[in-house]
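Participant: Okay, handing you the structure first.
The values are calculated or read from the model by the stated rules, or taken from the named source; none is laboratory data. Predicted model only: the values in this text are computed from it and were never measured. Backbone-built Cβ (ideal geometry, glycine too); neighbour counts: all protein chains shown.
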Amino acid sequence: MKFLIITHVDHFVSNNQYFGYAPYVREMNIWLKYVDEVTIVAPLVKGNETKIDLAYEHSNIKFKKVPGFSFTSFTNNLISLFKLPIIFWEVFWAIKNTNHIHLRCPGNIGLVGCVVQIFFPSKIKTAKYAGNWDPASKQPWTYRLQKYILNNSFLTKNMQVLVYGEWPQYSKNIKSFFTATYSNSEKEIINKAYLEPLHFIFTGSLVKGKNPMYAVELLEKIIMKGNNVIFNIYGEGNERKNLEDYIQANNLQNNIFLHGNQDKESLKASYRKSHFVILPSKSEGWPKTLAEGMFWGCVPIATKVSCVPFMLDQGNRGILLEMDLEKDLKQIQEIIENRKTFLNKSKLAETWSQKFTTDSFEKEIKKLILK
C-alpha cells in the first residue's frame, strides 16, 4: 500500500533519517507498520535532533518538500499567494499517486489537502483532527473551513475523520477517537503516597495559549496558603522569560522549577512522583499531558475546553478550572486538605487513562488502514 501523509509539521533530515516532533512521529510510526511505502508532504527545515524530536521508522520513505505559509498578516498573505500554487501542485500529484490519503489537521498544509482531496472521491482517506472539534468554540477561519470540508459528506467522500470527544452535528465521516502514549506493558497499580511536599507538574509549550503564567500564579496562591508544594514545569516557548522573571520577583525559586524540554522517560519519572497535573489552556484537542499524568495517578486540573470535561468526567476525576484565581484556589485547597478525596480522584483518573494504551490505539489504527 502507498500511504500519503499531508502535514504542517516541520521536519528535518539527520543521518539520512527524517525527524519531526516526537509525539506526532511516535503516533505516525504506529500507522506506518501497516504500509509498504510512505510519502510525506510537509515543510523541511534545517535542524538538529533535540529531546523532543524523533525519527520515522520505515524503510521506504519519499519526502515532498513544501514551504510553510500563514495568513497572520498582510505581508504573510501576499507571500502565501505565491507559495500556494507550488503547494497545490505537490499535493495534487502526491494524492494522485497514492492509495491512502492521511491528512493532519488543523493546519495550513492540511487545509490544502482538504481542498485537493475533494477531486479524488474514490481514494481511501483518513484525517486526524488534533484540535478542538467543539462547534461552539471560537477558532480561526482556516480551522472552521477545514472542519466544514471534512464533515461534509458531499464534498468529502470515503473519509474517516478522527476527532476528540462527542459532539453534535456529526456526519458519517466523523469518528470519535483518542490517542495514547504508554503501552499495556507499562501499566501498573499506582498507590500515590500523599506526603509533603505535594508535586504539581505542567508539560507543554510555554506560550500564552497554554496559560503557564496562570498556573504559576495559582501555585503562588497555594504556597501562600502555607502548603508545602513543588511545581515542575517542562517545555519551552516565548513565555519562558516572563515566567523566569515572575518566579524571581516573587521569591518562588524554592518551589517552582523550569526544566525546559525533556524526553519521554524523564517526563514519565516526573509524572510518577507528581500528585497533580495542571493545564489551564485556552484550547486543546486531546491534551496528552492530562492523559499521561492521569495514567500515573495524577489528579488533573484543567480548563473546560474541547473534550477535557469528558476526560475529567465533569470534575469527578479531576478539577475543572474556572480561570478565577480565588475560586480555583478554593477547589484545589479542598482536595489538598482531604486525603481521601485526593486518593479517590487519583484512582479514578488512573483507571480511566489506562484504558487508552498504544496497544488499543494500534488495534484501532489497523482497522482503519486494512479495512
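Participant: Take the conditions in a loop (DSSP other than H, G, I, E, B), modelled with pLDDT under 95 and aromatic (Phe, Trp, Tyr) and apply them to Phe69. Does it pass?
Facilitator: Spelling it out, Phe69 is indeed in a loop (DSSP other than H, G, I, E, B), modelled with pLDDT under 95 and aromatic (Phe, Trp, Tyr).
Participant: Let me ask something else about it. Among the residues of the stretch 247-258, count how many are touching a strand residue (DSSP E or B) at 6+ places or on another chain (Cβ under 9 Å) and assigned to a helix (DSSP H, G or I).
Facilitator: 1
Participant: Looking only at the stretch 205-264, filter to residues that are touching a helix residue (DSSP H, G or I) at 6+ places or on another chain (Cβ under 9 Å), under 28 Å from Tyr21 (Cβ atoms) and among the polar types (S, T, N, Q); which one of those is surrounded by the most Cβ atoms within 10 Å (Cβ to Cβ)?
Facilitator: Asn232
Participant: Here are some residues: Lys62, Lys46. Which one is in contact (Cβ under 8 Å) with a residue 24 or more places away in the chain and in a strand (DSSP E or B)?
Facilitator: Matching residue, one of Lys62, Lys46: Lys62.
Participant: Does Ser171 satisfy the condition of being over 21 Å from Ala349 (Cα atoms) and touching a Pro at 6+ places or on another chain (Cβ under 9 Å)?
Facilitator: Criteria not met by Ser171.
Participant: Here's a follow-up. In this structure, does Asn173 turn out to be on the phi > 0 side of the Ramachandran plot, touching a Ser or Thr at 6+ places or on another chain (Cβ under 9 Å) and without any contact (Cβ under 8 Å) to a residue 60 or more places away in the chain?
Facilitator: Considered against the rule, which asks whether it is on the phi > 0 side of the Ramachandran plot, touching a Ser or Thr at 6+ places or on another chain (Cβ under 9 Å) and without any contact (Cβ under 8 Å) to a residue 60 or more places away in the chain, Asn173 comes out as no.
Participant: So which pairs qualify, if the first residue must be in the stretch 146-164 and in the same structural domain as His102 (by TED's automatic domain parsing) and of a type in the set (Lys, Arg), the second must be part of a loop (DSSP other than H, G, I, E, B) and modelled with pLDDT of 95 or more, the Cβ gap must be under 7 Å, and the two must be at least 6 apart or on different chains?
Facilitator: Here the result reads Lys157/Pro121, each pair linking the stretch 146-164 to a residue that is part of a loop (DSSP other than H, G, I, E, B) and modelled with pLDDT of 95 or more.
Participant: Any idea which of Ile223, Ile233, Ile190 is of a type outside the set (Gly, Ala, Ser), assigned to a strand (DSSP E or B) and either within 30 Å of Leu329 (Cα to Cα) or not assigned by TED's automatic domain parsing to the domain that holds Ala94 (or both)?
Facilitator: Answer to the check: Ile233.
Participant: Further, regarding this structure: Restricting attention to the stretch 1-21, and to residues there that are in contact (Cβ under 8 Å) with a residue 60 or more places away in the chain, assigned to a strand (DSSP E or B) and under 23 Å from the mean Cα position of the chain (by Cα), which single residue is surrounded by the most Cβ atoms within 10 Å (Cβ to Cβ)?
Facilitator: Here the residue is Ile6.
Participant: Can you give me the number of residues within the stretch 109-125 that are crowded, with 22+ Cβ neighbours inside 10 Å and either under 17 Å from the mean Cα position of the chain (by Cα) or not hydrophobic (A, V, I, L, M, F, W, C) (or both)?
Facilitator: Residues flagged as crowded, with 22+ Cβ neighbours inside 10 Å and either under 17 Å from the mean Cα position of the chain (by Cα) or not hydrophobic (A, V, I, L, M, F, W, C) (or both) within the stretch 109-125 amount to 4.
Participant: Among (1) among the small types (Gly, Ala, Ser); (2) assigned by TED's automatic domain parsing to the domain that holds Phe154; (3) touching a residue at least 40 places away in the same chain (Cβ under 8 Å), which single condition is Ala215 missing?
Facilitator: With respect to (1) among the small types (Gly, Ala, Ser); (2) assigned by TED's automatic domain parsing to the domain that holds Phe154; (3) touching a residue at least 40 places away in the same chain (Cβ under 8 Å), Ala215 is out only on (2).
Participant: Exactly one of (1) farther than 18 Å from Ala291 by Cβ; (2) over 18 Å from the mean Cα position of the chain (by Cα); (3) not hydroxyl-bearing (Ser, Thr, Tyr) is unmet by Phe276. Its number?
Facilitator: Failed condition: (1).
Participant: Hey, among the residues in the stretch 168-198 that are of a type in the set (Lys, Arg) and within 23 Å of the chain's Cα centre (by Cα), which one's nearest to Trp286 (Cα to Cα)?
Facilitator: If we take residues in the stretch 168-198 being of a type in the set (Lys, Arg) and within 23 Å of the chain's Cα centre (by Cα), then Lys175 is nearest to Trp286 (Cα to Cα).
Participant: Please work out which one of (1) at pLDDT below 95; (2) in a strand (DSSP E or B) is the condition Gly131 fails and give its number.
Facilitator: Going through the list (1) at pLDDT below 95; (2) in a strand (DSSP E or B), Gly131 breaks only (2).
Participant: Of the residues that sit in the stretch 88-119 and are at pLDDT 95 or above and part of a loop (DSSP other than H, G, I, E, B), which one is farthest from Gly131 (Cα to Cα)?
Facilitator: Asn97
Participant: Does the stretch 300-321 include one or more residues that are in contact with a His (Cβ under 8 Å, 6 or more places away or on another chain), surrounded by 17 or more Cβ atoms within 10 Å (Cβ to Cβ), within 23 Å of Ile336 (Cα to Cα) and without any contact (Cβ under 8 Å) to a residue 60 or more places away in the chain?
Facilitator: For the stretch 300-321, residues in contact with a His (Cβ under 8 Å, 6 or more places away or on another chain), surrounded by 17 or more Cβ atoms within 10 Å (Cβ to Cβ), within 23 Å of Ile336 (Cα to Cα) and without any contact (Cβ under 8 Å) to a residue 60 or more places away in the chain: absent.
Participant: Separate question: Taking the stretch 126-139 as the search range and keeping residues that are touching a residue at least 12 places away in the same chain (Cβ under 8 Å) and among the small types (Gly, Ala, Ser), which one is surrounded by the most Cβ atoms within 10 Å (Cβ to Cβ)?
Facilitator: Ala127
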